[in-house]
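Working notes for the structure below.
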Amino acid sequence: GQFVKSKFYGPSHWMNAMDPRNITINHNTNRTEVNKKTELYSSVTRVKQMARIIKASRLSQPSITQEVQDSIPTKEICDVLVDCYLRTFESVFRVLHIPSFRREYNSYWAGEIPGKPSVILKILLVCAIGVPFYDGPEKPQLRSASVKWTQAATNWVGGPHVKSKLNMAGLQIQILTLIARQLNSIDGDHVWIPAGSLLRSAMILGLHRDPAHFGKISLYHREMRRRLWATILEITAQSSLDMGMPPMISPNDYDTKAPSNIDDVDIEEGRDVPIDEKPPTEYTDCSIQIAFTETLPIRLEIIKRINNLRFELSYEDVLKIGSELNSACRSQTIFFKSALNAGHKITPFQIKMADTLVRRFVLCLHRPYFAKAKDNPQFYFSRKMCLDTSLAIYAPATEPIPGQEDDWTKMTRGCVGFFKSFFLYAMSTVYLELISQIDEQKQASAIFAPLISSSTPQSNTSFTLPTQFQTLRNVLVSAQETAIARIRNGETNAKGAVFMSCAIARIDALVSGADAERAVLDAAKKSVVETSQILTEVYQ
């Protein structure tokens with residue numbers, strides 16, 4: 001393929017079918033030399049200029065409406081929102097070069113770059129992602145404003161002048177838009193569709209080819225291209241798992257290397273000095289992203305296999321792949337915790353997010369064998385792995401403090417997309433496991449009960465509760481509270497809250513010997529009324 005004018009044209013593109021003749025090559029630069037003094041060159045230049053003027057007159061220039069600009073809060077509030085973003089998502093999904101963004105941000109508030117849509121949108125999207133983690137009294141107004149900001153970015157991405165947005169800033173805005181949609185419940189459950197467009201935009205720009213193939217690219221842009229490609233692949237993998245769809249890409253489709261293990265301050269646009277890369281054992285701004293890339297080929301293969309129309313994965317492969325991923329989760333979490341204890345710039349939220357986004361693949365990998373384990377002891381290990389993984393996913397990031405919410409809790413109580421997906425997947429697993437344990441305990445009690453007893457016959461409650469009963473039930477109760485909190489924070493789908501209410505009612509009925517079907521129906525009716533009241537209060 002060819003890399004021309006910042007665009008990549010693959011082998012089957014018509015440009016590669018041309019066989020140029022009589023061209024002059026500068027062997028020092030390996031570039032085609034053009035004589036700019038000829039009449040032909042001047043004529044072609046005039047035609048190109050006319051074409052640009054004509055195209056510009058056909059389409060209105062992309063802009064941000066005055067309503068959106070008027071909704072931008074004060075700098076003091078934006079400063080807090082930016083910090084909220086940086087301490088949560090930037091180290092997980094590398095999008096920005098933080099020093100460069102800080103300069104753009106300060107220049108915007110200094111009035112030095114007024115009206116530049118790409119800069120304003122990046123700032124607004126960063127602030128929108130920070131809103132769920134904001135604690136100030138302005139949060140209700142900011143939640144409303146964040147919807148406007150995200151919608152403005154969505155309109156900008158989907159508007160005319162597509163070619164002018166095929167650049168690094170355009171990709172950054174697309175990525176931030178997808179994250180903001182999930183954080184602020186704006187069609188966040190359907191990110192897989194625009195994520196496909198993002199992936200293709202990146203490939204048009206050649207991000208799927210390692211920048212080492214393109215000698216003209218600076219060290220700064222090499223690293224940024226690798227970071228953006230790694231982030232786009234991660235979003236592709238996560239959104240594909242959520243939707244139960246194939247990822248539409250495999251490791252054979254790209255050769256871009258993982259980002260270098262460096263901090264943002266080690267690279268600078270315009271400063272083309274050799275990079276002093278840190279050893280893998282030293283934590284940097286890119287450590288989490290590098291960890292993602294190490295397991296990405298395995299995770300892409302998992303998505304492809306489990307979402308294949310013809311499920312083809314032997315149980316031996318399931319055990320092997322699951323063991324590799326589980327081991328990676330364990331070693332990476334140990335490394336990140338040691339970095340936290342050593343005072344590096346990493347937060348409990350980022351450690352929890354990095355672990356969960358990989359660990360959820362273990363759950364999805366073993367889940368097809370989870371139900372089979374009840375009748376076939378051969379699959380018992382999958383049952384254990386599903387429960388352990390679900391409990392690990394639901395475990396808090398920090399020690400709970402009454403009356404306070406950490407960043408992880410705020411996210412699970414207010415976001416959709418893959419944040420909601422792994423939550424519901426884990427909770428349904430805990431529920432089904434508890435049902436199985438109760439049934440098994442009842443069967444065991446019946447086997448060991450005396451054939452003839454002088455004591456008064458008891459109801460269905462005459463069995464010993466499973467040892468994990470209270471722990472697992474507490475998880476379900478906590479999950480129900482989270483589902484209710486999600487509705488208060490903008491979630492409009494009440495099915496999760498209703499399901500959790502019904503699940504707890506069924507568990508309690510099985511234990512007490514009551515009519516389980518009646519208990520579930522009563523719980524459903526009550527929960528529907530409660531969620532309707534909450535929706536009315538929130539959106540009245």
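Coordinate-derived values only; no laboratory data. This one's a predicted model, so the numbers in the text were calculated from it and none came from an experiment. Virtual Cβ from ideal backbone geometry, glycine too; neighbours counted across all protein chains shown.
For the reader, a short list of remarks on this structure follows.
- Stretched out straight at 0.36 nm per residue, the stretch from Trp109 to Glu324 would grow longer than its current Cα-Cα span by 72.6 nm.
- Span-rule helices in the chain, defined as complete DSSP H runs reaching 27 Å or more along the axis (Cα) with Kyte mean at least -1.0: 39-58, 139-158, 219-243, 287-306, 315-341, 348-370, 418-448, 469-488, 516-539
- Taking a straight line from the alpha carbon of Lys278, these aspartates and glutamates sit under 19 Å away, with near neighbours fewer than eight places off in the same chain left out: Glu223, Asp263, Asp264, Asp266, Glu268, Glu294.
- Full extension of the segment from Gln533 to Ala371, taken as 0.36 nm per residue of separation minus the current Cα-Cα distance, would add 54.7 nm.
- Under the simplified labelling scheme, the Glu269-Asp253 pair shows an inter-label distance of 2.9 nm, with each label point 7 Å from Cα along Cα→Cβ.
- Those residues of segment 324-344 whose amide nitrogen sits under 20 Å from the label point placed on Thr281, 7 Å along Cα→Cβ: 328-344
- With the convex hull constructed from alpha-carbon coordinates only, the chain shows a mean projected area of 32.5 nm² over all directions.
- Sequence ranges 403-413, 157-167, 267-277, ranked by mean other-Cβ count within 10 angstrom, highest first: 403-413, 157-167, 267-277
- Segment 488-540-segment 376-423 distance, computed between alpha-carbon centres (Å): 20
- Along the axis of the charge dipole computed for the chain (Cβ charges of +1 for Lys and Arg, -1 for Asp and Glu, origin at the Cα centre), the listed residues Leu296, Ile232, Val520 are led at the positive end by Ile232.
- Using every pair of distinct Cα positions in segment 396-451, the Kirkwood expression returns a hydrodynamic radius of 14.4 angstrom.
- Computed over segment 116-246, the ratio Rg/Rh where both radii use C-alpha atoms and Rh is Kirkwood: 1.00
- Over 22 Å between alpha carbons, listed pairs Lys216/Lys345; Lys48/Lys216; Lys122/Lys165; Lys122/Lys216; Lys116/Lys148; Lys420/Lys442: Lys216/Lys345; Lys48/Lys216; Lys122/Lys216; Lys420/Lys442
- Distance from the alpha carbon centroid of segment 90-120 to that of segment 243-308 works out to 23 angstrom.
- In a reduced charge model with +1 at each Lys and Arg Cβ and -1 at each Asp and Glu Cβ, the chain shows a dipole moment near 1820 debye about its Cα centre.
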